[in-house]
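Engineer: To start, I am sharing the structure in question, which I have written as structure tokens.
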Amino acid sequence: MSPSVDVDWLDLCRRAAASARCAVGELSSTAERSTEHGRGEGGDTTLAVDRAAEQAVFRELEEARVPLVAVSEERGEVSLNGGGEGAGFRVVIDPVDGSLNAKRGLPFACVSIAVASGPRMADVEVGVVAELEPGREWWAVRGQGAYRDGERLETLTPGPLEVLGLETARAALVARQADAIAATDARRLRALGSVAVSMCLVAGGRLDAMITLREVRSVDVAAAQLIVKEAGGAVALPGGDTLDLEMRSRAAAARSPELVERLLGELG
């Protein structure tokens, strides 16, 4: 991989994600997980689950002693181990994507970690999405395919839109877009509560496509978009693709470019 041949970035990301999963698991009740710790740099309220997961990820990154720039939903952009813009690579972290699910003990919450050799989505070299409950793990290395729990995902092929995932699906947004959603001709809808997991389910062929009904950030999609692409699917971020906390864009992923274009045409 281009940033540093001396670092096993996939192993580092998987270790960091596993540590975050364990840290969240130590918060056993909804009350513990829901404690608020101010507002993160990404703009959302930081919950105890977010804070515990982020601290665990940063501990692993610091112990690795690799110069890097971390872009995290809670702490913002942080130089670690002497890294800076000249370090040439960055680690993009969403400590918990799907915090509402995580605090309630529901499935479809995850840790998302991506490593990039430059400032844009196309520069992402490694992506790891580790679900909290159940503990499924999705990952990809650019040019080497996409995997779930160690098994390579089958290459996606074009097909009908039977199951469409909607994220982030606030009731008012769904109601306003109801006619447009119906126009996609999707046979069934699923609103799971995590952008990254929804994208991974597209990569795994569980969903045929997903689309967000409001803008998301780079930390939500950086790892998962690589997993979809390495599985042979397509991703669109029409609002921008920079790996920073200023990036805001609708996001769509599907088993084919034609299906992505169709969704954006109806719901963009």
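The values are calculated or read from the model by the stated rules, or taken from the named source; none is laboratory data. Here the structure is a predicted model, which means the values were calculated and not measured. Quick reminder, even Gly has a Cβ in these numbers, built from the backbone with ideal geometry, and neighbours come from all protein chains shown. Accessible surface is based on the protein model in full, side chains and every heavy atom, while ligands, DNA and RNA are left aside. Shrake-Rupley method; radii C 1.70, N 1.55, O 1.52, S 1.80 Å.
Engineer: For residues in the range 146-159 being in a loop (DSSP other than H, G, I, E, B) and open to solvent by 30 Å² or more (accessible area, probe 1.4 Å), which is nearest to P95 (Cα to Cα)?
Structural biologist: Here is the first cut: in the range 146-159, the residues in a loop (DSSP other than H, G, I, E, B) are 149-150, 153-159.
Restricting the remaining residues to those that are open to solvent by 30 Å² or more (accessible area, probe 1.4 Å) gives 149-150, 154-155, 157-159.
Working: D149: 20, G150: 22, E154: 28, T155: 28, T157: 31, P158: 33, G159: 33 Å.
Step by step, filter the range 146-159, then rank; the result is D149.
Engineer: Something else now. For S117, indicate whether it is polar (S, T, N, Q), open to solvent by less than 20 Å² (accessible area, probe 1.4 Å) and within 18 Å of the chain's Cα centre (by Cα).
Structural biologist: Numbers: polar (S, T, N, Q): yes; open to solvent by less than 20 Å² (accessible area, probe 1.4 Å): no; within 18 Å of the chain's Cα centre (by Cα): yes.
Answer is no for this residue.
Engineer: Of the residues L207, L263, L201, L259, which is in contact with a Leu (Cβ under 6 Å, 6 or more places away or on another chain), assigned to a helix (DSSP H, G or I) and modelled with pLDDT of 95 or more? Talk me through it step by step, then tell me what you get.
Structural biologist: Values: L207 fails: assigned to a helix (DSSP H, G or I); L263 fails: in contact with a Leu (Cβ under 6 Å, 6 or more places away or on another chain); L259 fails: in contact with a Leu (Cβ under 6 Å, 6 or more places away or on another chain).
Checking each option against the conditions leaves just L201.
Engineer: Moving to a separate point now. Among the residues of the range 170-198, write down those that are in a loop (DSSP other than H, G, I, E, B) and buried (at least 20 other Cβ atoms within 10 Å of the Cβ). If you could, list the steps in order and put the result at the bottom.
Structural biologist: Restricting attention to the range 170-198, the residues satisfying the condition of being in a loop (DSSP other than H, G, I, E, B) are 170, 177, 184-187, 191-194.
Hits for the range 170-198 are A186, L192, G193, S194.
Engineer: Scan the range 227-248 residue by residue and report those that are in a helix (DSSP H, G or I) and open to solvent by less than 10 Å² (accessible area, probe 1.4 Å). Break it down into steps so the answer makes sense when it comes.
Structural biologist: Looking only at the range 227-248, we keep the residues that are in a helix (DSSP H, G or I), and these are 227-230.
Listed by number, the residues that qualify are I227, V228.
Engineer: Something else: Which of the strands (runs of 3 or more DSSP E) found entirely inside the range 10-75 contain at least 1 residues meeting this: modelled with pLDDT under 85 and either among the polar types (S, T, N, Q) or open to solvent by 70 Å² or more (accessible area, probe 1.4 Å) (or both)? Spell out how you get there, then give the answer.
Structural biologist: Details: elements: 36-39, 45-47, 68-72.
Because the criterion is at least 1 residues that are modelled with pLDDT under 85 and either among the polar types (S, T, N, Q) or open to solvent by 70 Å² or more (accessible area, probe 1.4 Å) (or both), the strands (runs of 3 or more DSSP E) in the range 10-75 that meet it are 36-39, 45-47.
Engineer: To continue, here is another question. Being of a type outside the set (S, T, N, Q), at pLDDT 90 or above and either over 22 Å from the mean Cα position of the chain (by Cα) or open to solvent by 40 Å² or more (accessible area, probe 1.4 Å) (or both) is the filter here; which residues of the range 79-89 pass it?
Structural biologist: So in the range 79-89, the residues of a type outside the set (S, T, N, Q) come out as 80, 82-89.
Cutting the leftovers down to at pLDDT 90 or above gives us 80.
Across the range 79-89, there are no qualifying residues.
Engineer: On to the next question. Is one or more of the residues making up the range 136-145 open to solvent by 70 Å² or more (accessible area, probe 1.4 Å) and in contact with a Leu (Cβ under 7 Å, 6 or more places away or on another chain)?
Structural biologist: Yes, the range 136-145 contains a residue that is open to solvent by 70 Å² or more (accessible area, probe 1.4 Å) and in contact with a Leu (Cβ under 7 Å, 6 or more places away or on another chain).
Engineer: Next up: Of the residues in the range 249-258, how many are over 14 Å from the mean Cα position of the chain (by Cα) and either over 16 Å from L226 (Cα atoms) or open to solvent by 50 Å² or more (accessible area, probe 1.4 Å) (or both)?
Structural biologist: Going through the range 249-258, the residues over 14 Å from the mean Cα position of the chain (by Cα) turn out to be 254-258.
Then drop every residue that is not either over 16 Å from L226 (Cα atoms) or open to solvent by 50 Å² or more (accessible area, probe 1.4 Å) (or both), which leaves 257-258.
Adding up the residues that qualify gives 2.
Engineer: Right, next: Go through the range 148-178 residue by residue and tally those that are closer than 27 Å to R262 by Cα and without any contact (Cβ under 8 Å) to a residue 24 or more places away in the chain.
Structural biologist: Here is the first cut: in the range 148-178, the ones closer than 27 Å to R262 by Cα are 153-178.
Filter again for without any contact (Cβ under 8 Å) to a residue 24 or more places away in the chain, leaving 171-172, 175-176, 178.
The number of residues fulfilling the criteria is 5.
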